[in-house]
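Visitor: This is the structure, below, for whatever I ask next.
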Amino acid sequence: MAQATTEAVSPRTPDGWPVLNQAERAALREVLIRGPQSRTEIAQRLGLSRASLTRVTRTLVAHGLVGEVGVELRGRTGRPSELLQARTDTYRLLGVKLTADVLYAAVTDLTARVVATSEEPIASRAFEDVVDQLAALVARERATHPGLRAVGVCLAGDLLGSGRDQVVVSSPYLGWTDVRMSAALADRTGLPVTTENDVRALTAAEHWFGAGAGCRSLALLTVGTGLGFGLVVDDRMIQGATGRAGRLDHLRIDPSGPICGLGHRGCASVYLVSSAIAAALGSPGTTYEEAVALAERGNPAAVLAFREAGRALGVLIATVANTLDPEKIVLTGDGLAVMRLAPDAVWAAVAQHRDPQDAVTPLDVQPFDFTEWARAGAVTAVRAYLESAS
């Protein structure tokens, strides 16, 4: 069907995003997260009158954000309803995951479906050099995907603020302190840029488009090179007063355990992170991958290391469930071998630390993939757009 011109409906920001009011953003969010819906369903969920919803959907259709996808009988009675669905052929988002050495990228549509991926080594960790590399990446992707509207970058570290005022307070793997990635990259590209902690970004992606879709409360744990935690409460991501909410890596597991690099005795990080598992074998130079292989062959030291890691993971899962009572806990990361090699230790620790009368919190174990983290960057970009002020 023919589309009305954007300018006839509402203004556009310089970067090309339509300027939507609160009701229009809320309606688009409903369609993105819940899939095809009738106008009546959207109006009921948002508490809008039929006339208001008609104006809202007219704007979204005109901007190419949603489209009509046929008629379906919704409910037991009544007339068939025309369904609205987010369009996947117009807008594109670029998500980036930065590690210490590699840049992973994913281009997605509005529904977070990945349409292209790439990866490249980080040539230099200097902040200005990474901005240059990202700007070049954006230019290439815009040439291939003309509908590119925004960029989301995620990385390990502490961040505060939002929009152009967002600050990467610290990113140890990259060696950055108090840098403004969003503003710097937006100035270079002319696109809106959102920067986010990688675990919070992944939590946001799982909340809207993954294992946590439909949940108003969600916890995400990542295990591997480090330990990460993300939390959604009442449909909102929790950041914390200083951007450091979710620090569980130094939760005490055993008061007589070994001491971590920060001087804490028996904390989760000395049992569960990949380097700690490898170090527990007592042979300098042993890698995590070698530790996994040894445990699979029944090596006693490796089996014990993974059982200790499993116990620590079980305590973390129980602590999250006891403290927050989320609808679901998602577990991911590059250290998921612990769930395969020591499941009994994990569940024994959960049982030991959970109140037996509490309901069991569903645990969803998700395979680890850096592309998924890059996709999460794209999700943060569309979330920032829909959650911005009118």
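Visitor: Among the candidates 337, 349, 295, 276, single out the residue that is out of contact with any strand residue (DSSP E or B) (no Cβ under 9 Å at 6 or more places or on another chain) and open to solvent by less than 10 Å² (accessible area, probe 1.4 Å).
Guide: Details: 337 fails: open to solvent by less than 10 Å² (accessible area, probe 1.4 Å); 295 fails: open to solvent by less than 10 Å² (accessible area, probe 1.4 Å); 276 fails: open to solvent by less than 10 Å² (accessible area, probe 1.4 Å).
When all the criteria are applied, what remains is 349.
Visitor: Among what's in segment 147-194 and is free of Cβ contacts under 8 Å to residues at least 12 places away in the same chain and outside any strand (DSSP E or B), pick the residue that is least open to solvent (accessible area, probe 1.4 Å).
Guide: Quick first cut of segment 147-194, residues free of Cβ contacts under 8 Å to residues at least 12 places away in the same chain only: 161, 177-178, 187.
Filter once more, so that each one left must be outside any strand (DSSP E or B): 161, 187.
Values: 161: 44, 187: 106 Å².
Looking at the filtered set, the residue picked out is 161.
Visitor: Something else: Here are 112, 105: which of them is out of contact with any His (no Cβ under 8 Å at 6 or more places or on another chain), assigned to a strand (DSSP E or B), closer than 20 Å to residue 384 by Cα and at pLDDT 90 or above?
Guide: 105 is the lone residue from the list that is out of contact with any His (no Cβ under 8 Å at 6 or more places or on another chain), assigned to a strand (DSSP E or B), closer than 20 Å to residue 384 by Cα and at pLDDT 90 or above.
Visitor: If you don't mind, there's one more thing I want to ask. State whether one or more residues within segment 254-263 are under 23 Å from residue 163 (Cα atoms), free of Cβ contacts under 8 Å to residues at least 40 places away in the same chain and outside any loop (DSSP other than H, G, I, E, B). Don't jump to the end; show me each part of the working.
Guide: First, the residues of segment 254-263 that are under 23 Å from residue 163 (Cα atoms): none.
No, there is no match, as no residue in segment 254-263 is under 23 Å from residue 163 (Cα atoms), free of Cβ contacts under 8 Å to residues at least 40 places away in the same chain and outside any loop (DSSP other than H, G, I, E, B).
Visitor: Return the only residue of 80, 121 being surrounded by fewer than 17 Cβ atoms within 10 Å (Cβ to Cβ) and modelled with pLDDT of 95 or more. I'd like the intermediate steps shown before the answer.
Guide: Numbers: 80 fails: modelled with pLDDT of 95 or more.
One residue alone meets the criteria, 121.
Visitor: Turning to a different aspect of this structure: Residues that are out of contact with any Gly (no Cβ under 9 Å at 6 or more places or on another chain), at pLDDT below 90 and not in a strand (DSSP E or B): does segment 217-227 have at least one? Spell out how you get there, then give the answer.
Guide: Step one: of segment 217-227, the residues out of contact with any Gly (no Cβ under 9 Å at 6 or more places or on another chain) are 217.
Among the residues that remain, those that are also at pLDDT below 90 are: none.
The answer is no; no qualifying residue exists.
Visitor: Just give me the residues in segment 238-251 being among the aliphatic types (A, V, I, L, M) and more than 28 Å from residue 311 (Cα to Cα), in sequence order.
Guide: Here is the first cut: in segment 238-251, the ones among the aliphatic types (A, V, I, L, M) are 238, 241, 245, 248, 251.
Correct list: 241 only.
Visitor: While we're looking at this one, here's another question. With respect to residue 311, determine if the residue is open to solvent by 70 Å² or more (accessible area, probe 1.4 Å) and among the charged types (D, E, K, R).
Guide: Details: open to solvent by 70 Å² or more (accessible area, probe 1.4 Å): no; among the charged types (D, E, K, R): yes.
Considered against the rule, which asks whether it is open to solvent by 70 Å² or more (accessible area, probe 1.4 Å) and among the charged types (D, E, K, R), residue 311 comes out as no.
Visitor: Could you go through segment 91-113 and let me know if any residue there is among the polar types (S, T, N, Q), open to solvent by less than 40 Å² (accessible area, probe 1.4 Å) and within 22 Å of the chain's Cα centre (by Cα). Spell out how you get there, then give the answer.
Guide: Step one: list which residues in segment 91-113 are among the polar types (S, T, N, Q), which gives 99, 108, 111.
Next, only the ones that are open to solvent by less than 40 Å² (accessible area, probe 1.4 Å) stay: 99, 108.
Okay, now just the ones that are also within 22 Å of the chain's Cα centre (by Cα), so 99, 108.
The answer is yes; a qualifying residue exists.
Visitor: Please name all residue pairs, on different chains or six or more residues apart, with Cβ atoms under 7 Å, provided the first residue is in segment 121-143 and is more than 19 Å from residue 370 (Cβ to Cβ) and the second residue is outside any helix (DSSP H, G or I) and open to solvent by 90 Å² or more (accessible area, probe 1.4 Å).
Guide: Pairs that qualify, where the first residue is more than 19 Å from residue 370 (Cβ to Cβ) and the partner is outside any helix (DSSP H, G or I) and open to solvent by 90 Å² or more (accessible area, probe 1.4 Å), are 129/123.
The values are calculated or read from the model by the stated rules, or taken from the named source; none is laboratory data. Since this is a predicted model, take the numbers as computed values, not measurements. All Cβ positions, glycine included, derive from the backbone under ideal geometry; neighbour counts span all protein chains shown. Surface accessibility is based on the protein's heavy atoms, side chains included, excluding ligands, DNA and RNA. Shrake-Rupley method; radii C 1.70, N 1.55, O 1.52, S 1.80 Å.
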